[in-house]
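Shown next, in structure tokens, is the structure this report addresses.
Just so it is clear, none of the values below were taken in a lab; they were calculated from the coordinates. Just so you know, these numbers come straight off a predicted model, no measurement behind them. Positions of Cβ are generated from backbone atoms using ideal geometry, with glycine treated the same way; all protein chains shown enter the neighbour counts.
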């Protein structure tokens, strides 16, 4: 296995996400998943990425993973919540077929009609929390702790800069274990508990930020409508502009 060079690593660490930077809605998670068996192929494919990619094109062309966008179009568990929120905000139905269509045709798309950006706090996919898969491929980071300690502060600064530059009207950060990291991207915002008590919310100058549990967590069952209710007033207002 040939290890990643410093130049290649720098490129990987600056990947932002899928969609459009000027999208109205940003979804921010901790890190992508992945398959441990083909992690080297995955990483080397990502060397072809620009800083922002079209979700469908990145997965079908570069990552060779077409099941979410072609054929039967399997509904990806995390993306399902994003599609539900967006369809609800746009007044569409949220039946499985509508979610399947939104995921394949609109979620994280870079076209001018794209409304979303899907990004992660940490840039490398994480196939397993039980072990660190990059020791040989990325010599600079021999442990997950070393990777987090080195890269997380840089990523927080990078995303904070982009958030200030592009000012998305709605930002939804998911994964309760990382709320403290997400708050650091919004140092001027004052977060408070939502009415349902399950989220944290901040609103400043026409921008709303919601911190939620991970979209696949059991605690989110039946709670996506609550997220929609929080962000809808701001989304509807910017949609009229």
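Just a few scattered comments:
- Going from the residue with the fewest nearby Cβ atoms within 10 Å to the one with the most, 224, 199 rank 224, 199.
- Structure remark: mean-square fluctuation, Gaussian network model of the chain, C-alpha springs under 10 Å; the largest value among 42, 101, 221 belongs to 221.
- Region 173-241 and region 124-163 have Cα centres lying 25 Å from one another.
- Nearest 10 degrees, 0 to 90: helix 77-89 Cα axis against the chain principal axis: 30 degrees
- Between region 14-60 and region 69-102, the alpha-carbon centres lie 19 Å apart.
- When the chain is treated as a GNM with alpha-carbon contacts under 10 Å, the residue of 20, 184, 37 showing the greatest mean-square fluctuation is 37.
- The ranking of 88, 66, 192 from fewest to most other beta carbons within 10 Å of each one's beta carbon is 192, 66, 88.
- Here the Gaussian network model covers the chain, with springs between Cα atoms less than 10 Å apart; of 222, 19, 81, 222 fluctuates the most.
- Burial ordering of 25, 234, fewest other beta-carbon atoms within 10 Å first: 234, 25
- Mean residue ellipticity at 222 nm, helices only, the chain: -10500 deg cm²/dmol; runs of at least 4 DSSP H residues each add -39,500 (n - 2.57), and the sum is divided by the number of residues.
- Which labelled figure in [x] 17.5, 53; [y] 18.2, 57; [z] 16.2, 48 is Rg and Dmax of the Cα atoms in Å, once derived from the coordinates: [x]
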